[in-house]
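Report on the structure given below.
The values are calculated or read from the model by the stated rules, or taken from the named source; none is laboratory data. Everything numeric here is computed off the predicted structure, so don't read it as measured data. Quick reminder, even Gly has a Cβ in these numbers, built from the backbone with ideal geometry, and neighbours come from all protein chains shown.
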Amino acid sequence: MKRKIYEKILNWKKESNGSTALLIEGARRVGKSYIVKKFAEENYKSYILIDFSKASKSVTELFDNYLDNLDYLFTYLSQYYGVKLYERETLFIFDEIQFCPRARGAIKHLVEDKRYDYIETGSLISIRKNVKDILIPSEEEQLKMYPFDFEEFLWAMNNETLMDFIKDCYNNKKPLGQALHRKAMDYFKEYLIVGGMPQAVEAYVQTRDFEKVDRIKRNILNLYREDIRKHSEDLNLKVEQIFDTIPSQLQKHEKKFNISALDENARYRNYEGAFYWLKDACLINMAYNTTEPNIGLGQRIDSNALKCYMGDTGLLLSMTFNEKNIINEEIYKKILFDKLSFNEGMIIENVVAQMLVASNRNLYFFSRNEREDSSETMEIDFLISKDKITSKHNIIPIEVKSGERYTFTSLNKLINKYKEYIAQPIIIHPKDLKEENGILYIPLYMTPLL
């Protein structure tokens, strides 16, 4: 299936020309191995894929013992995997590189040798045990791989034209019109339910069977829990606690993560390592409360106030309806046709966070609670900076609305108090695009275009 990251990998090959290795990070089952293998088959004369999650000791020990004798290293790997090597036409894929930190440390020497190209894939790249005793290679470029975005989902559904039309409407600030907006929203609801994990998307494209899709998503969630128990070491109980309570935390009106829900005596500092583990595993997206809506959002954060979103909204939906081992097909159909009453706001805000992160945005929100002065109390879902910074009006506040009726009291308060900082506010909602009273209202499927 077509993925946007393929073009980025192709650009790396052309621009690097062997001067750097490429590290692709992403959650398990997000499609890293598949896309790199496909890239190798289509762009190299030969390739060797070393899966370090199951590589033999005789292979992993090569990176301890033979970095000063690369001729032997290459000869051994060529014979072991039965692949002929061609200078500048062979790619080495170091899959699940986190299981062999020494191979990652060897990248410096391998790149300097200039004979072959190297792509690494993995998650949990930055945690202490996976960088201990190695020098992080400066010859390493990094790419993040995310679940399918909405446009990739459309491609998988054999629709190559709708997103181009959506982009044109966004750029010209014009609505799609009733018929095409309804069509785009129907696709988007399917995307919400299925999510962006490749196996789930593939199953839906082939069968249109929500129960089969849900079974795949639950298998992935079980895999993640097994990873947590196996690899998070002394943090595993805290990591699993956070992971399993994400749906209940997001169901609150204010979606800030309440640490005391885990333990009434808990403090954020007690769980900081567990949050970091989940983020490094690419299982969650974290948003931080910035204390002032001005440029440099990340320089003014309240580290004790955060939101924790699932990395894939389809997985969140399967976690939310977890009374049985699998969601009944009828529940999904009722969600698809707006016939089920549930807290849809948590799902919508999660998918907006997911789309912003996939567009290389860091997540920030603005929350202030002043008991003595209600005019100072406000809650803004997301803040992003304009791409082109000017002397003022650089911050775009974003409010996410899931229903047909809503107010924007907090948005008005923010605009009045910080008018010199604020650029055009955005409301993301289920309706078509419109501009009104200085506010741009965009449909959910336009979020990646911000």
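A few points about this structure:
- For the stretch 409-450, filtering for residues that are without any contact (Cβ under 8 Å) to a residue 24 or more places away in the chain, part of a loop (DSSP other than H, G, I, E, B) and of a type in the set (S, T, N, Q) leaves 1.
- Within the stretch 297-335, if we keep just the residues that are out of contact with any helix residue (DSSP H, G or I) (no Cβ under 8 Å at 6 or more places or on another chain) and over 28 Å from residue 123 (Cα atoms), the residue that is modelled with the highest pLDDT turns out to be 300.
- Residues located in the stretch 1-39, provided they are part of a loop (DSSP other than H, G, I, E, B), in contact with an Asp or Glu (Cβ under 8 Å, 6 or more places away or on another chain) and closer than 21 Å to residue 106 by Cα: 18, 19, 20
- Looking across 115, 102, one residue alone is of a type in the set (Lys, Arg), over 19 Å from residue 444 (Cβ atoms) and assigned to a loop (DSSP other than H, G, I, E, B). It is 115.
- Checked against (1) at pLDDT 95 or above; (2) surrounded by 20 or more Cβ atoms within 10 Å (Cβ to Cβ), residue 286 passes all but condition (2).
- Hey, residue 16 over 30 Å from residue 221 (Cβ atoms), at pLDDT 95 or above and surrounded by 15 or more Cβ atoms within 10 Å (Cβ to Cβ) or not: yes
- Qualifying residue in the stretch 195-216 (condition: in the same structural domain as residue 303 (by TED's automatic domain parsing) and under 23 Å from residue 442 (Cβ atoms)): yes
- Residue satisfying condition, being without any contact (Cβ under 8 Å) to a residue 60 or more places away in the chain, within 20 Å of residue 11 (Cα to Cα), surrounded by 14 or more Cβ atoms within 10 Å (Cβ to Cβ) and of a type in the set (A, V, I, L, M), within set 91, 77, 73: 91
- Listed by position, the helices (runs of 4 or more DSSP H) inside the stretch 163-259 whose residues that are closer than 14 Å to residue 274 by Cα and touching a strand residue (DSSP E or B) at 6+ places or on another chain (Cβ under 9 Å) number at least 1 are 236-250.
- When residues in the stretch 134-162 are screened for being over 22 Å from the mean Cα position of the chain (by Cα), surrounded by 15 or more Cβ atoms within 10 Å (Cβ to Cβ) and either on the phi > 0 side of the Ramachandran plot or in a helix (DSSP H, G or I) (or both), 1 of them pass.
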